[in-house]
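Visitor: Please read through the structure below; I'll follow up with questions.
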Amino acid sequence: QVQLVESGGGLVQPGGSLRLSCAASGTIWRIGTMGWYRQAPGNERELVASTTSDGATNYADSVKGRFTISRDDAKKTVYLQMSSLKPEDTAVYYCKALITTTRPMSIREYWGQGTQVTVSS
């Protein structure tokens, strides 16, 4: 059984920084694209950043220059370094990963349970 577990959320003042982590576990053969999404109350879930297995990255315009996504395939972990945080970054942050397993054989997307990020003075 595959699980994604996020950590690193919390309360931070405007202008501050946080680093989110998302670790995958289970009988994983390969991890493809990994990404971070966020959902604020009353809003739809939106893509924040993603990274492919060959290292290509993509960012939402609202976070370019402030957030950095990275991955450590040996640890099956994706990170999101968030800097210059703004109140509008407040949301529940979710990670998603495209994972191939062999027992049973499947290729599908998995979601984490989410971690709250609150930016407030």
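Visitor: Let me confirm something: among Thr77, Thr90, which residue is within 10 Å of the chain's Cα centre (by Cα) and among the β-branched types (Val, Ile, Thr)? Give the steps one after another, and end with the answer.
Guide: Values: Thr90 fails: within 10 Å of the chain's Cα centre (by Cα).
After applying the criteria, what remains is Thr77.
Visitor: Go through the stretch 59-69 and count every residue that is farther than 19 Å from Tyr110 by Cβ and either in contact with a Ser or Thr (Cβ under 9 Å, 6 or more places away or on another chain) or among the aliphatic types (A, V, I, L, M) (or both). First the steps, then the outcome.
Guide: Applying the first criterion (farther than 19 Å from Tyr110 by Cβ) to the stretch 59-69 yields 59-68.
Then keep just the ones that are either in contact with a Ser or Thr (Cβ under 9 Å, 6 or more places away or on another chain) or among the aliphatic types (A, V, I, L, M) (or both); that gives 59-60, 63, 65-68.
Summing the residues that are farther than 19 Å from Tyr110 by Cβ and either in contact with a Ser or Thr (Cβ under 9 Å, 6 or more places away or on another chain) or among the aliphatic types (A, V, I, L, M) (or both) in the stretch 59-69 gives 7.
Visitor: Which pairs turn up if I take residues in the stretch 42-63 that are surrounded by 14 or more Cβ atoms within 10 Å (Cβ to Cβ) and look for partners that are among the basic types (Lys, Arg) with beta carbon separation below 8 Å, at least 6 apart in sequence or on another chain?
Guide: Sorted first by the residue in the stretch 42-63, then by its partner, the pairs are Arg45/Arg38; Val48/Arg38; Thr51/Arg71.
Visitor: Out of the residues in the stretch 20-34 that are open to solvent by 60 Å² or more (accessible area, probe 1.4 Å) and of a type outside the set (D, E, K, R), which is modelled with the lowest pLDDT?
Guide: Step one: filter the stretch 20-34 for residues open to solvent by 60 Å² or more (accessible area, probe 1.4 Å), giving 27, 29-30, 33.
Subsequent filtering for residues that are of a type outside the set (D, E, K, R) retains 27, 29, 33.
Values: Thr27: 91, Trp29: 95, Thr33: 98.
The qualifying residue modelled with the lowest pLDDT is Thr27.
Visitor: Shifting gears a bit: Does the stretch 42-89 hold any residues that are modelled with pLDDT under 95 and of a type in the set (Phe, Trp, Tyr), and which are they?
Guide: Correct list: empty.
Visitor: Run Thr118 past the list (1) touching a strand residue (DSSP E or B) at 6+ places or on another chain (Cβ under 9 Å); (2) modelled with pLDDT under 95 and report the number of the one that doesn't hold.
Guide: All conditions pass for Thr118, except number (2).
Visitor: Could you check Ala23 against (1) touching a Phe, Trp or Tyr at 6+ places or on another chain (Cβ under 7 Å); (2) more than 14 Å from Leu98 (Cβ to Cβ); (3) not β-branched (Val, Ile, Thr) and say which number it fails?
Guide: Evaluating Ala23 over (1) touching a Phe, Trp or Tyr at 6+ places or on another chain (Cβ under 7 Å); (2) more than 14 Å from Leu98 (Cβ to Cβ); (3) not β-branched (Val, Ile, Thr) leaves (1) as the failure.
The values are calculated or read from the model by the stated rules, or taken from the named source; none is laboratory data. All figures in this text were calculated on a predicted structure; none of them were measured in a lab. Backbone-built Cβ (ideal geometry, glycine too); neighbour counts: all protein chains shown. Heads up: the accessible areas ignore ligands, DNA and RNA and are worked out on the full protein's heavy atoms, side chains in. Shrake-Rupley method; radii C 1.70, N 1.55, O 1.52, S 1.80 Å.
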